[in-house]
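In what follows, a single structure is set out as structure tokens and then discussed.
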Amino acid sequence: VLPIGYAYYTPGGGGGGGGGGGGGDLILTVSMEGEESYYFIGVEGRLKEPVDVTSEDGRLNIAIQKGTIILDEDEEPPSTLKFTVDKTPPSPPADAEIVGLPYNFTPDGTTFNPLITVNWGYDPSDIPDGVAEEDLRIAYYDEDAAEWVVIPAVVDQRANIITAYSI
């Protein structure tokens, strides 16, 4: 059994995002489960300050370093990044199951250079019988390919955290 874990995002499709005017900075709204934080982003998409947001339950943390270039699918700086619990995620493959809360990330098609850090905490008691902690994975659902895609990640069994550098 390969647990598909915690969150996914859907690259491509969808869209949205800001786009900038003159030479000043733009405001990037980051929403984690409805809690909003505001950050400065340049008209070229370069983040002016680090972003560090954590879910209400403390299990999902997203960290984006200062200087990261964030662009939507139209290669414009987005006005909003949203992380929301997905109450109806796609079914995992037959040999897998979702452990913990799945999240949806929008806008679809957003890119980060360099990659962002994604940390998911897990409760070892939630792991299905017969599955080793080191086999936990983070995955997203690719709607275009209609399949789950595993993201390379490291499992810290002492801290009960899976870390991936993603998107």
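The values are calculated or read from the model by the stated rules, or taken from the named source; none is laboratory data. Fair warning: this is a prediction, and the values are worked out from it, not measured in the lab. Because the Cβ atoms are built from the backbone with ideal geometry, glycine has one as well, and the counts that use them run over all protein chains shown. Protein only, heavy atoms only, side chains kept; ligands, DNA and RNA dropped before computing areas. Shrake-Rupley method; radii C 1.70, N 1.55, O 1.52, S 1.80 Å.
Before moving on, here are some points about what is shown:
- Extreme residue, least open to solvent (accessible area, probe 1.4 Å), among residues of region 136-156 that are of a type in the set (A, V, I, L, M, F, W, C) and outside any strand (DSSP E or B): Leu136
- Close contacts from region 45-72, counting a first residue that is within 21 Å of Ala139 (Cα to Cα) and a second that is open to solvent by 60 Å² or more (accessible area, probe 1.4 Å) and at pLDDT 95 or above, with Cβ to Cβ under 6 Å and a gap of 6+ residues or different chains, come to Asn61/Thr54; Ala63/Asp52.
- Top-ranked residue in region 111-122 [being open to solvent by 30 Å² or more (accessible area, probe 1.4 Å) and in a strand (DSSP E or B); ranked as farthest from Ala96 (Cα to Cα)]: Asn113
- Residues being at pLDDT below 90 and assigned to a loop (DSSP other than H, G, I, E, B) - total across region 98-110: 4
- Residue check, Gly18 surrounded by 13 or more Cβ atoms within 10 Å (Cβ to Cβ), at pLDDT below 55 and more than 17 Å from the chain's Cα centre (by Cα): yes
- Condition met for Ile98 (touching a Pro at 6+ places or on another chain (Cβ under 9 Å), closer than 30 Å to Ile127 by Cβ and of a type in the set (Val, Ile, Thr)): yes
- Whenever a residue of region 148-164 is polar (S, T, N, Q), its partners that are not in a strand (DSSP E or B), lying with C-beta atoms within less than 9 angstrom and at least six residues away or across chains, give the pairs Gln157/Pro124; Gln157/Glu133; Gln157/Glu134; Asn160/Tyr122; Asn160/Asp123; Asn160/Pro124; Asn160/Glu133.
- Comparison of Ser125, Ser91 shows that the only residue that is of a type in the set (S, T, N, Q), over 29 Å from Ile27 (Cα atoms), more than 11 Å from the chain's Cα centre (by Cα) and not in a loop (DSSP other than H, G, I, E, B) is Ser125.
- Single condition Glu73 does not satisfy, out of (1) assigned to a loop (DSSP other than H, G, I, E, B); (2) open to solvent by 50 Å² or more (accessible area, probe 1.4 Å); (3) over 28 Å from Tyr38 (Cα atoms): (3)
- Any hit, region 84-97, residues being modelled with pLDDT of 90 or more and either charged (D, E, K, R) or over 30 Å from Gln157 (Cα atoms) (or both): yes
- Filtering Pro93, Pro128, Pro78 for residues that are open to solvent by less than 10 Å² (accessible area, probe 1.4 Å), touching a residue at least 24 places away in the same chain (Cβ under 8 Å) and not basic (Lys, Arg) leaves a single hit, Pro78.
- One residue stands out in region 23-48 among those that are among the charged types (D, E, K, R) and in a loop (DSSP other than H, G, I, E, B): the one that is surrounded by the most Cβ atoms within 10 Å (Cβ to Cβ), namely Glu33.
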